[in-house]
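The values are calculated or read from the model by the stated rules, or taken from the named source; none is laboratory data. Quick caveat, the model's predicted, so the values are computed rather than measured. Backbone-built Cβ (ideal geometry, glycine too); neighbour counts: all protein chains shown. When the accessible area is computed, the model is the full protein with side chains, heavy atoms only, and any ligands, DNA or RNA have been set aside. Shrake-Rupley method; radii C 1.70, N 1.55, O 1.52, S 1.80 Å.
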Amino acid sequence: MDTADLGLPVEVPSTALFTDQYELTMVQAALRAGTADRRSVFEVFTRRLPEGRRYGVVGGTGRVLDAVENFRFDDAVLGFLRERRIVDEPTLRWLAGYRFSGDIWGYPEGEVYFPGSPVLRVEGSFAECVLLETVILSILNHDSAIAAAASRMSVAAGGRRLIEMGARRTHELSAVAAARAAYVGGFDSTSDLAAGFRYGIPTVGTSAHAFTLLHDSERDAFQAQVDSLGRGTTLLVDTYDVAEAVRTAVAVAGPELGAVRIDSGDLLLVAHRVRQQLDELGTSDTKIVVTSDLDEYAIASLAAAPVDAYGVGTQLVTGSGHPTCSMVYKLVARAESADAGAPLRPVAKKSLGAKSSLGGRKWAARRPDAYGVAEAEVVSAGTVPADLVDRQLLVELVKGGEVVAREPLEAARERHATARAGLPLSAMQLSRGEPVIPTEYR
């Protein structure tokens, strides 16, 4: 869901300068050389998953579609380029009329991917496609990293609720994108109101330690919060003495107390003690929320604790140690001339080492075993075999410059849960390992 679904206006600025200068200088040179209009195919893929990860998660596809729609060189942008003499006047005139008119195919948001998976395929003239490289990679690398971290945390949580709380630990705009990607990966809500406004993600939040410290006593603080937010609120109980705070919280809110939050200490031990205390005080329905520098490993270590929800910040919005997916945007095929009917010719970088790539416009499919569990990611530029036709992963996202695959964010979230469930059980292990299925090139 986004604000278009909510009926809320959002000003969307041009994304044309979310790019590197060499994209524009390449366009200028190609226009002069007469090669700018050659039909071209670019693909986004990663050569490897982040170290130790077993699968990746496609995040940010919806934001990519927004960015492509709003990639426009308005007067202010053109004035900046002219003042800095970044490109010449003929190129500026070409940019003034820029509208992406090509086609984009890709893995739908929430789908999982593996090394070599053609996560996105962009087709059109060289000039119009190359301009989109940086903004597409910026979005997909960031959002896919967060979605993958969120997915691992969701696995570790085992069905317990997850709250995204990382807005104070990253750039203010990245925080909104991170909340969105986390929701795709399995989180249930966010503390970031901008994310709630923009994407319709459920928002939560009550109070911080400062609220307790503001009042003359902890009881006064709890009473003020309950009076304002109701007995179902969540009270923060670790400002002073946890046991005393729990007693006070129950005395103030009664058995209708919604939850208590623990933000420090040995969370495993404290959670057990608080659960026992709450039960003894007759508040067995009161939930326990834990926060404090959690990641997937810390969440997994609390599996035996009587915890009902986890709040995660820093580790989530930084990709839990892997803030990018190392996706690249490579030209894999181009026409031999600017003629509309000119055939496509596969092209590829052939440098030494790990940076070589495979040419050709590719399809991808996930082959299941006899039990319906994924056993291989099949990638090829050849003909799709009959047994894989219905298992192809790329879907049409943009046709002739028009977005054709807009969907609610909830659909991406549900898709991810389904895709993850179709992987071998070893995908759920948090220990370091190789990709859970191999990529087969045909």
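Reported value for the chain: 166 Å³ per residue, from the convex hull of its C-alpha atoms. Once the Cβ-Cβ distance of GLN429 and GLU402 is raised to the sixth power relative to R0 = 35 Å, the FRET efficiency obtained is 0.25. Volume per residue of the convex hull around the Cα atoms, evaluated for segment 317-392, comes out as 192 Å³.
To the nearest whole percent, what portion of all C-alpha pairs in segment 121-234 is separated by more than 25 angstrom? In whole percent, the share of Cα-Cα pairs in segment 121-234 beyond 25 Å is 43. Taking Cα centre as origin and charging only the Cβ of basic (Lys, Arg, +1) and acidic (Asp, Glu, -1) residues, the dipole magnitude of segment 122-167 rounds to 500 debye. Look at where the Cα atoms of segment 343-402 and of segment 249-267 average out, and the two centres are 52 Å apart. The percentage of C-alpha pairs in segment 63-136 whose separation is greater than 21 Å is 36%. In a GNM of the chain with a 10 Å cut-off on Cα contacts, which of ARG54, ARG32, ARG85 has the highest mean-square fluctuation? So, out of ARG54, ARG32, ARG85, the one fluctuating most is ARG85.
For the chain, carbon and sulfur atoms together expose 51% of the accessible surface, with a 1.4 angstrom probe and every protein chain in place.
How big is the equivalent ellipsoid of segment 219-260 along its three axes, where each semi-axis is √(5λ) from the Cα gyration tensor, reported in whole Å from largest to smallest?
Working: eigenvalues 44, 21, 14 Å².
Equivalent ellipsoid of segment 219-260: 15, 10, 8 Å, largest first.
Tell me, rounded to the nearest percent, the portion of alpha carbon pairs in segment 353-442 spaced more than 23 Å apart. It works out to 40 percent of all Cα pairs. Among beta bridges from DSSP that stay inside segment 209-345, the antiparallel ones total about 20%. Ranking PHE71, LEU81, GLY56 by Cα position along the charge dipole of segment 1-139, where only Lys, Arg, Asp and Glu carry charges on their C-beta atoms, puts GLY56 farthest toward the positive end. Once every DSSP H run of n ≥ 4 in the chain is given -39500 (n - 2.57) and the sum is divided by its residues, what mean residue ellipticity at 222 nm do you get, rounded to the nearest 500 deg cm²/dmol? Computed ellipticity for the chain at 222 nm equals -10500 deg cm²/dmol. Karplus couplings for segment 291-301 from phi (6.51 cos²θ - 1.76 cosθ + 1.60, θ = phi - 60°), rounded to Hz, Gly and Pro as x? Along segment 291-301, the couplings run 9, 4, 6, 7, 9, 5, 6, 5, 5, 4, 5 Hz. Since only MET327, ALA259, VAL404 are under comparison, the one whose Cα sits farthest along the positive direction of the charge dipole of the chain, derived from C-beta charges on Lys, Arg, Asp and Glu, is MET327. Put simply, the C-alpha atoms of segment 26-168 give a gyration tensor, and the ellipsoid matching it has half-axes of 36, 18, 12 Å, longest first.
Dipole check for the chain: with +1 at the C-beta of Lys and Arg, -1 at the C-beta of Asp and Glu, and the Cα centre as origin, the magnitude is about 1680 Debye.
With both residues required to sit in the chain, DSSP beta bridges show an antiparallel share near 65%. If you run the Gaussian network model on the chain, springs between alpha carbon atoms under 10 Å, then out of GLY106, GLY60, GLY341 the most flexible one is GLY341. Per residue, the average separation of C-alpha pairs within less than 8 Å and at least 6 apart gives the chain a relative contact order of 24 percent.
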